[in-house]
Protein chains: 2
Amino acid sequence: MFIAMNRFQIAIGHEDDFETLWRNRETYLASVPGFLQFHLLKGPVADTHILYASYSVWEKRQSFDDWLESEAFKKAHVQARLPKETYLGPPVFEGFDVILSEPSAG
Amino acid sequence: MFIAMNRFQIAIGHEDDFETLWRNRETYLASVPGFLQFHLLKGPVADTHILYASYSVWEKRQSFDDWLESEAFKKAHVQARLPKETYLGPPVFEGFDVILSEPSAG
């Protein structure tokens, strides 16, 4: 499995705008080959910003790479944008390979 | 749901030791109340290190906080350790609330 994360530093006071954008967004992900799961994560609060992360799980890295070149990706990324002051810098991408997993017994 | 991540900067050349430690570790997590899932993630390579992240999913933040105080946590953390030069600095903890999710259609 491959995990794609984008980390967003959102200026204090812009949290609702950012969350609303994601809630209303049509991601077109559900039918993308190799896509497994998506979460939007709300992380720690710092002095000037709140850390958010988009977290998507893929069968393999190639599934994610193929999606970046797809029509579904283009369609999802021409939607509404937020004003520049929402973000403290560009999103930071990190890709991870899952090398170990442990499920719950329950 | 709550996500607990710890980010580890592992010195180049120490990847195998670090991965072996995790593979051989008894986490005692499976039976912990509120525990859902664990992944060890291998991330981007930088000049001096490789980023790894432990990623655990919990029913709620309180489940994770309770685990930190538990016997299961103590037992999991008295096991084998690696030499100090394995790590470029201490692990960095980040806790996230899951605010949006999207499953695959498949």
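Plainly put, the tip 7 Å out from Cα toward Cβ on B:Ile12 is 4.0 nm from that tip on each other copy, the closest given first. In this label model, A:Ala11 and B:Gln62 are separated by 3.7 nm, measuring between points 7 Å along each Cα→Cβ vector.
Report the charge-dipole magnitude of the protein assembly as shown in Debye, nearest 20, computed about the Cα centre from +1 at each Lys and Arg Cβ and -1 at each Asp and Glu Cβ. Write down the numbers at each step before the final one.
On the way: 20 positive and 30 negative charges, 6 e Å.
My answer is approximately 20 debye.
If the viscosity is 1.567 mPa s and the temperature 4 °C, what translational diffusion coefficient in µm²/s does Stokes-Einstein give for chain B when Rh comes from Kirkwood over Cα pairs? D, rounded to a whole number, is 86 µm²/s. Going by Cα centres, the range A:1-55 and the range A:59-106 are how many Å apart? So the two Cα centres are separated by 9 Å.
Toward the positive end of the charge dipole of the range A:2-97, with +1 on the Cβ of Lys and Arg and -1 on the Cβ of Asp and Glu, the farthest Cα among A:His49, A:Thr86, A:Ala72 is that of A:Ala72. A simple spin-label model places the labels of A:Glu71 and B:Ala46 4.1 nm from each other, with each point 7 Å out along Cα-to-Cβ.
What does the net charge come to around B:Tyr28 if you take all other residues with beta carbon closer than 15 Å to its beta carbon, with K and R at +1 and D and E at -1? Mind dumping the intermediate values first?
Details: positive: B:Arg25, B:Lys74, B:Lys75; negative: A:Glu102, B:Glu26, B:Asp66, B:Glu69, B:Glu71.
In short, -2.
Between copies, the label points of B:Pro83, set 7 Å from Cα on the Cα→Cβ line, lie 5.5 nm apart, reported in increasing order to one decimal in nanometres. Neighbouring Cβ atoms from other chains, within 10 Å of the Cβ of residues in A:91-103, number 6 on average. Both radii come from the Cα set of the protein assembly as shown: Rg as radius of gyration, Rh as Kirkwood radius; their ratio Rg/Rh reads 0.97.
Pairing the Cα long axis of helix B:15-24 with the longest principal axis of chain B, what angle in degrees results, from 0 to 90 and rounded to the nearest 10? In chain B, helix B:15-24 runs at an angle near 40 degrees to the longest axis. Applying a DSSP loop filter and a limit of 16 other Cβ atoms within 10 Å to the GluC sites (Glu not before Pro) in the range B:12-50 leaves B:Glu26. Estimated purely from DSSP H runs of n ≥ 4, each contributing -39500 (n - 2.57), the mean residue ellipticity at 222 nm for chain B is -6000 deg cm²/dmol once divided by its residues.
Any read-out appearing in this document is the output of simple, stated calculations on the displayed coordinates, not a laboratory observation. Treat the numbers as computed from the prediction; the structure is a model and nothing was measured. Note that we place each Cβ from the backbone using ideal geometry, even for glycine, and neighbour counts take in every protein chain shown.
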